[in-house]
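What follows is a single structure, written as structure tokens, with notes after it.
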Amino acid sequence: MDSNKRPENMERITTPELAAAFIDGQIAAVRKQVGDKKVLLALSGGVDSSVVAALLIKAIGRQLVCVHVNHGLMRKGESEEVIEVFQKRMDANLIYIDATDRFLDKLAGVAEPEKKRKIIGEEFVRVFEEESNKLEGIAFLAQGTIYPDILESDGVKAHHNVGGLPEDFKFEGLVEPVKLLYKDEVRVIGKALGLPVSMVERQPFPGPGLGVRCLGAITRDRLHALRESDAILREEFDKAGLTAQIWQFFTVIPDFTATGVKDGKRLDYWPVIIRAVNTVDAMSATVPEIDYAVLKHITDRILNEVDGVCRVLYDLSPKPIATIEFE
Ligand code: XMP
């Protein structure tokens, strides 16, 4: 049987009871797979890796070593939040690595989306290999792969958690306890594991992070504008009560400028695109109607507060034909 194929008769996990049964099954499976060996987990702080962390902490406790790599492509305040929730509240065995310069140097001048993903994915694994070499006896690599990642892995995308592993992969094996689950099921599992609702309901964030939203070759100035505009969007959607209603929303910054004007001078500034979508499993998505006043207020704030930006656009395109991310 293909272990990457969801059995046709597998029940959709929608209730705490089904979640509990799944968790028990996975705890047993993980204990059997890893024995008394140590497992390294990339804890990005997204729903998938957070749920895997909580599940593995329950299954193997301190045998799980969580590594949070700040690749410089995190959203504003995100690394701080991971440390707060996992290290301070959950007492996880967590190592924090700030690898910002290393990632941005490697990515300099690289414009092709799949190359960017590959570089980020491979660099991630290298960082983990380096960490595992420093740590005694790390045997397994855990990942927050979910079913849509597997379904799309032979398509145009090389999602970092499926397609980005280099050939010199040195671990004994992978631990991927939620790889046959859809996103909504992963959230049910997270709730059953007692993770805070704010974390379980958090919108997904791609492994390559802001790297796939800073289109084309990443530059530090555009990355900064992207991060700041994204933070404004999140703050204002929160205030407007939209966070719980919209599945995923973020800003995107293209790699071309548009003409702006300030103090009578024409300028080459960047546009910022707002992307907001609703979906169940990320395979198709619709665009929500956002109150015009909210969009207008966000536009004003971004234009006033974020250097180098002269336009704000709202993307109305559903998936298909557009994907959720821009690249
Ligand atoms: P698309 O753009 O394919 O996105 O409609 C579907 C969902 O997947 C996320 N996404 C990624 N997640 N690595 C990830 O872990 C990636 O390279 C990646 N690309 C897209 C995207 O944010 C959306 O939730």
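FYI, it's all coordinate maths here, none of it is from the lab. Every value quoted in this text rests on a predicted model; they were computed, and no experiment measured them. Methodologically, a virtual Cβ is constructed for each residue, glycine included, from the backbone with ideal geometry; neighbour enumeration extends over all protein chains shown.
Report the local net charge at I273: Lys and Arg +1, Asp and Glu -1, summed over other residues whose C-beta lies under 10 Å from its C-beta.
Details: positive: R213, R275, R311; negative: D315.
After counting each charged neighbour, the total is +2.
For an R0 of 25 angstrom, estimate the FRET efficiency from the Cβ-Cβ distance between K134 and Q203 and round to the nearest 0.05. Don't skip to the answer; put the middle values down first.
Numbers: r = 33 Å, r/R0 = 1.32.
Efficiency, rounded to the nearest 0.05: 0.15.
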Each label sits 7 Å from Cα toward the beta-carbon; between A293 and T15 the label points are separated, in nm, by 4.3 nm
Full-stretch length increase - I27, I321 - with 0.36 nm per residue and alpha-carbon distance subtracted: 101.9 nm
On alpha-carbon atoms, Rg over Rh for the chain using Kirkwood Rh? 0.97
Under a crude label model (7 Å from the Cα following the beta-carbon direction), how far is N278 from Q87 in nanometres? 3.9 nm
Percent of C-alpha pairs per 10 Å bin, the stretch 16-200, short to long: 9, 37, 39, 13, 1
15 Å beta-carbon shell around E17, net charge (K/R +1, D/E -1): -1
Eigenvalues of the alpha-carbon gyration tensor of the stretch 249-325, times 5 and square-rooted, give semi-axes in Å, largest first, of 27, 14, 8
Rounded to the nearest 10 degrees, what's the angle between the helix 220-239 long axis and the longest principal axis of the chain, both from Cα atoms, 0 to 90? 80 degrees
